[in-house]
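Take a look at the structure below.
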Amino acid sequence: MARYHGAPMEDVPGRDRKNPTPPRLVIIGSGGLSREILNVVLASRATGTSIDLLGFVDDDPTASVVGLERLGGLDRLEELDARYALSSMDPSVRHRLDVHCTERGLEPLTLVHPRSPIGASSTLGPGAFVGIGAGLTVDAHVGRHGVVDFSFLGHGARMGAYSTCAMSCRVTAT
């Protein structure tokens, strides 16, 4: 059975149709990945899984994400009482933002597009993102805040924390 954080994949928000209380989510940043995150949330809703997307935070007051409200800057995160998803494709930025959030006791939300296959015994770290057109076969691992978007990880592939596998990337191990 596929797992994340050692729990069955059915417990991944975005795949859990049994959870009566949808997780509250705030996207951090307004880059292109924010639109991919929004796409996962909307697709999850269409399949019966609800994620309460509050909007996004960005320190740039002119930032925008089509269809989402800017809730303020990073200083608003604690008062929003929500889990977070990082929208930067830059691993160093994801690491910096994750440290900022973790120091404040905030929890990331792992997101998987409902049409993205996750194979048996594959694992996803906290805050991992698997977008549409992506997937993992068997025994693959995506680390903390790893991003797999329009790409596949084959059997035994390991992605470390904050890694990015995007735009038709194919990774496998022997």
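Values in this text are rule-based calculations from the coordinates and carry no lab data. Quick caveat, the model's predicted, so the values are computed rather than measured. Counting neighbours? That spans all protein chains shown, and the Cβs are built from the backbone with ideal geometry, glycine included.
For Phe56, Phe152, Phe129, what's the fewest-to-most ordering of other Cβ within 10 Å of each Cβ? Working shown, then result.
Numbers: Phe56 25, Phe152 20, Phe129 28.
Arranged by neighbour count, lowest to highest, Phe56, Phe152, Phe129 become Phe152, Phe56, Phe129.
Compute the helix-to-body angle for 91-103: its Cα long axis versus the longest principal axis of the chain, expressed 0 to 90° and rounded to tens.
With both axes taken from Cα atoms, the answer is about 60 degrees.
For the range 35-78, list residues with backbone N below 16 Å from a point placed 7 Å from the Cα of Glu103 toward its Cβ?
Flagged as within label range: 74-78.
For the range 114-125, take each phi angle, set θ = phi - 60°, evaluate the Karplus expression 6.51 cos²θ - 1.76 cosθ + 1.60, and give the result in whole Hz per residue in order, putting x for glycine and proline.
x, 9, 9, x, 10, x, 4, 6, 7, 10, 10, x
Based only on the alpha carbon positions, what is the Kirkwood hydrodynamic radius of the chain, in angstrom?
Working: mean 1/r = 0.0631 Å⁻¹.
Across the chain, the inverse of the average 1/r is 15.8 Å.
Please give the helix 32-46 orientation as an angle from the longest Cα principal axis of the chain, in degrees from 0 to 90, rounded to the nearest 10.
Approximately 80 degrees, to the nearest 10.
Grab the Cα-Cα distance for Thr21 and Ala46, subtract it from 0.36 nm times how many residues apart they are, and report the gain in nm with one decimal. Write out the running numbers ahead of the final one.
Details: separation 25, 0.36 × 25 = 9.00 nm, distance 1.65 nm.
Roughly 7.4 nm would be gained on extension.
Find the relative contact order for the chain and round it to a whole percent, using C-alpha pairs within less than 8 Å whose residues are 6+ positions apart. Before the final figure, lay out the partial values.
Details: 425 pairs, mean separation 34.1, N = 174.
With pairs under 8 Å counted, the relative contact order is 20 percent.
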